[in-house]
Amino acid sequence: MPLMETLARVDADLAAGRVPIARQRLRGLVSSFPYDLTLRRRLAEVYRLYGDAAEAGRWMYLEEDRDADEAAAFEARYGSPARRMRALAWRGPEAMATTVFAEGQLVAVRTACAEELGHPVDWDDPDSYRDGLEEASEGPSEPWSLSGVLAGVGCLVGALAFLAVWVNGVVALFD
């Protein structure tokens, strides 16, 4: 579907209150046209309708007039430079950015990622920064608590009761 037709559908979806559908269409457009900062801005506006500052900050991150609180929320949610690289969904060289500010932001994120990982990374090669996407392993789990044991026993009793009713129903079918 052509860009202008899809944008018209986005406008119609928003006017009709179909915000999730409009968001999905815009996500698809940003994926298809990663260099179009206008599409990213529109997607940020949709996330503001949800009240999701981190996602609004994600899609406005390459804009000079971005909201500082949204950008901080984005950076907090996507804590490492590698996660930010993935979240920004950029493809190709930074020179494809339509503004000097956007290019600078992209270079800064890529440089920080390369420094953190200790090797060069590339927007077009997610494997080059995949090491930075791995979550830190969780520490040792807490010892069992009474409430945790009771919850587990309750789930087990519920599952056994369901199984008993099911078996009883199957047996009744063949009697």
Whenever you get a sec, line up Val167, Val157, Val109, Val19 from highest to lowest accessible area (probe 1.4 Å, protein heavy atoms). Val157, Val167, Val19, Val109
Of the heavy-atom accessible surface of the chain (probe 1.4 angstrom), what whole percent is carbon and sulfur? 59
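For the chain, what are the DSSP H helices with axial Cα length of 27 Å or more and mean Kyte-Doolittle hydropathy of at least -1.0?
Numbers: long enough: 146-173 (40 Å, 2.12).
Answer set is 146-173.
What is the calculated FRET efficiency for Glu103 to Gln24, with r their C-beta to C-beta distance and R₀ = 25 Å, to the nearest 0.05?
0.30
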Kindly report, to the nearest 10 Å², the accessible surface of Leu106 as traced by a 1.4 Å probe over protein heavy atoms only. 0
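Pulled fully out, how much extra length does the chain show between Val153 and Asp11, if you take 0.36 nm times their separation in residues and subtract their Cα-Cα distance? Provide the component values of the computation, followed by the final result.
On the way: separation 142, 0.36 × 142 = 51.12 nm, distance 5.10 nm.
Here the segment from Val153 to Asp11 would lengthen by 46.0 nm.
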First obtain the Kirkwood hydrodynamic radius of the chain from its Cα pairs, then insert it into the Stokes-Einstein equation at 20 °C and 1.002 mPa s, and state the resulting D in µm² per second as a whole number. 109
Over the chain, with neighbouring protein chains present, the accessible area per residue in Å² at probe 1.4 Å is 62
Suppose each label sits 7 Å from its Cα in the direction of the beta carbon; what would the Met96-Asp67 distance come out to in nanometres? 2.9
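Using only helices, what value at 222 nm comes out for the chain when you add -39,500 (n - 2.57) per DSSP H run of length 4 or more and divide by the total residues, to the nearest 500 deg cm²/dmol? Can you show the working numbers first?
Values: 8 runs with 113 residues, N = 175.
Roughly -21000 deg cm²/dmol at 222 nm, from the helical runs in the chain.
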Put Thr6, Thr99 in order of accessible area, largest first, probe 1.4 Å, and you get Thr99, Thr6
Sequence of Phe174, Phe162 from largest to smallest accessible area, 1.4 Å probe: Phe174, Phe162
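The values are calculated or read from the model by the stated rules, or taken from the named source; none is laboratory data. Bear in mind that the values here come from a model prediction, so they are computed numbers and not experimental data. In this analysis, Cβ positions are derived from the backbone assuming ideal geometry, glycine residues included, and neighbour counts consider all displayed protein chains. Protein only, heavy atoms only, side chains kept; ligands, DNA and RNA dropped before computing areas. Shrake-Rupley method; radii C 1.70, N 1.55, O 1.52, S 1.80 Å.
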